[in-house]
Amino acid sequence: MHSRHFARHAQQVLTVAQGNAHHRYGPGADPSIARSWLRCLEDYHLDPAQAMAPTVLEHARVLESRERLQQVLTIAGGEMNSLHQQLSGGNAVLLTDARGIILNCVTEPGERRIFERAGLWLGADWSEAREGTNGIGTCLVERQCVTIHRDEHFRGRHTGLTCSASPVFDPHGDLLAVLDVSSARHDVTRQSQFHTMALVNLSAKMIESSYFLRHFDNQWLLRFHLQADSVGLFSEGLLAFDGEGCISAVNQSALNLLSLGRCELIGRPVEALFDCALSDLLARASADAATCWPLRTRDGRGFFAVLRGQSRPQMTAPATPVVSRPAVPSLPSGLCLGDASLQADFRRALKVFERDVPLLINGETGSGKEAFAKAVHQASRRAGKPFVALNCAAIPETLIESELFGYRGGSFTGARKEGMRGKLQQADGGTLFLDEIGDMPVALQTRLLRVLEDRLVVPIGGEPHAVDVRIISATHRNLLERVEDGSFREDLFYRLSGLEIGLPPLRARSDKAQLLDYLLKEEAGGDAVMIEPEARDVLLAFNWPGNVRQMRNVLRTLAALCEDHLIRLADLPAAVRQAASQATVARMTPEPERSDSPLDDAERTALIATLENQRWHMTHAARELGVSRNTLYRKLRKHGINR
């Protein structure tokens with residue numbers, strides 16, 4: 001069966017690539033697909049009917065690639081999780097390097113095997129030269145967003161996939177990575193991918209902008225746009241320049257807005273571009289860069305801009321001004337402590353952290369565990385030292401040992417000659433944040449316990465090194481239950497839980513309204529975006545199963561799309577509005593009498609247990625129960641079950 005399908009697909013590829021068929025519709029209709037098929041045949045000499053296993057890099061090369069893109073992986077991690085939450089089931093969110101090597105994958109644990117069978121392994125090479133026409137590889141060659149739907153793939157073995165990919169460029173215009181969403185579902189149409197492609201492209205631009213902002217953290221950064229309300233959004237122009245006013249880098253949006261090429265700007269004085277003296281420009285700088293002001297180019301074009309940096313009234317020296325550390329460090333972006341219990345927990349956490357007592361932060365996914373940990377670090381005496389984060393659940397078991405402990409050069413086949421410093425050594429003198437510690441393999445738990453006891457880290461194949469590291473761990477799991485089932489060491493649990501902090505889910509926080517305003521201000525980029533009262537009430541009443549991360553993502557989208565700086569009820573996501581409607585109906589519906597039937601009671605109990613287990617995600621709950629969403633909703637109404 002497969003061989004006949006591969007043969008038919010191969011014939012179709014050959015017919016279109018040779019120019020013997022001119023279809024308005026179908027795989028050969030898109031010029032980029034036809035170009036790619038031709039490259040696969042003429043340049044790469046690939047056979048569309050050949051079912052080859054994917055080419056996967058060896059362990060050391062994957063580690064090396066991840067280390068090169070460590071900052072990108074850190075930035076992209078949150079965006080990938082948010083993107084995955086916005087999509088329905090059956091999707092994998094992937095990040096590759098500029099060669100097409102998969103470095104990170106976010107998917108449902110139960111679906112991982114499906115994508116691995118399709119060849120989407122960590123370390124797999126999905127360049128066009130290896131796998132033919134596909135979302136990742138063709139995006140790398142075309143350097144633009146692409147969707148490759150089923151039969152548009154070159155190889156017959158990939159025709160069950162639909163892939164939408166967007167390039168991520170560095171501040172110098174070089175290809176940095178590719179963000180891709182791949183689906184193995186058979187009911188995916190090309191038209192349905194328009195929404196997915198828009199989300200992928202938006203997430204890629206967010207990663208691009210965040211990388212730019214971090215990359216030039218120590219330089220002056222001009223953010224500008226034709227419209228004041230677009231400054232701070234992903235379409236803004238970004239221009240970095242040094243203390244002497246020489247332009248270091250620009251993003252693509254800046255080039256588009258200025259109608260200039262990169263080579264015309266790099267190294268050029270910023271004064272030669274804008275009708276403003278450098279001293280006057282620097283005098284407008286501020287650390288938070290929240291207020292827009294008009295700025296004109298030398299040829300008379302008008303923009304609105306903000307300048308990030310320390311305000312300098314007079315240009316007395318080219319060196320970057322020294323900023324003294326405030327007595328009480330500001331909390332990091334994304335953390336709001338309006339809840340009284342959170343404030344008390346933060347004070348307790350900081351007090352014991354300063355005494356070298358390990359912290360264990362418990363909380364649901366998206367509740368802000370890393371932001372809380374980073375705030376403790378920045379408020380402590382170690383604020384100027386490294387804060388290194390490692391997500392134990394996001395790194396495959398085969399890589400986590402090298403990531404944590406590092407390795408000596410030549411310690412195993414393919415290892416880099418100079419070796420690699422692990423996270424423990426990178427955090428020396430500072431803080432190591434171990435996220436999802438409950439997912440750490442048992443063998444590594446033993447090694448970590450030894451490090452905590454001896455304060456010595458032993459890289460793979462290397463000699464012991466003394467380290468001075470404070471540990472903050474976090475998990476959404478019940479570690480005591482994992483201790484009981486033998487998947488977590490009891491002695492390590494007691495070693496890590498010097499003080500255990502439980503972060504409340506967003507639905508239980510007393511400062512939800514304050515947090516809503518706080519996050520909206522951040523995501524609006526300094527614009528005065530308002531929420532009409534009815535929409536605000538719906539947002540505050542929503543249960544937020546994805547917690548702070550989900551609220552931030554929703555507000556970011558609303559701030560980007562709202563008209564006239566006002567978010568209306570109709571602008572809210574359908575899921576949020578639907579939940580509000582269901583809650584209204586539930587309040588108006590009298591509570592049904594409990595049934596005398598043991599069978600009905602058992603069904604009701606099973607429904608509630610499944611919904612709680614799936615955190616009231618209806619699609620996931622329906623899939624676990626083996627029923628459709630409509631059937632699930634019907635049974636909920638029958639038993640009077642409300643969230």
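Some observations on this one:
- D242 paired with S487, simple spin-label distance in nm, labels 7 Å along Cα-to-beta-carbon: 5.2
- Net length available on complete extension from E42 to A575 is 187.1 nm, with 0.36 nm assigned per residue and the Cα-Cα distance removed.
- Exposure proxy ranking for S367, S497, based on other Cβ atoms within 10 angstrom of each Cβ and starting from the fewest, stands as S497, S367.
- For K351, the lysines whose Cα falls under 22 Å of its own Cα, not counting residues fewer than eight places away in the same chain, are K369, K374, K385.
- Listed by chain and number, the lysines whose alpha-carbon sits under 24 Å from that of K205, ignoring those within fewer than 8 places in the same chain, are K521.
- Cα gyration tensor shape of the chain, rounded if a/c is under 1.5, else prolate or oblate by comparing a/b with b/c: rounded
- Each residue in V352, V458, V181 was given a count of other beta-carbon atoms within 10 angstrom of its own, and listing them fewest first yields V352, V458, V181.
- Estimated [θ] at 222 nm from DSSP helical runs (n ≥ 4, -39500 (n - 2.57)) normalised by residues in the chain, nearest 500: -12000 deg cm²/dmol
- 11 Å cut-off, amide nitrogen to a point 7 angstrom out along R455 Cα→Cβ, residues in the stretch 468-507: 468-470
- The simple Förster model, with R0 at 22 Å and r as the Cβ-Cβ distance, assigns A393 and V56 a FRET efficiency of 0.55.
- Taking the fewest neighbouring Cβ atoms within 10 Å as the starting point, the ordered list for M551, M530 is M530, M551.
Where a number appears in this text, it was derived from the coordinates with a stated rule and is not lab data. Every value quoted in this text rests on a predicted model; they were computed, and no experiment measured them. All Cβ positions, glycine included, derive from the backbone under ideal geometry; neighbour counts span all protein chains shown.
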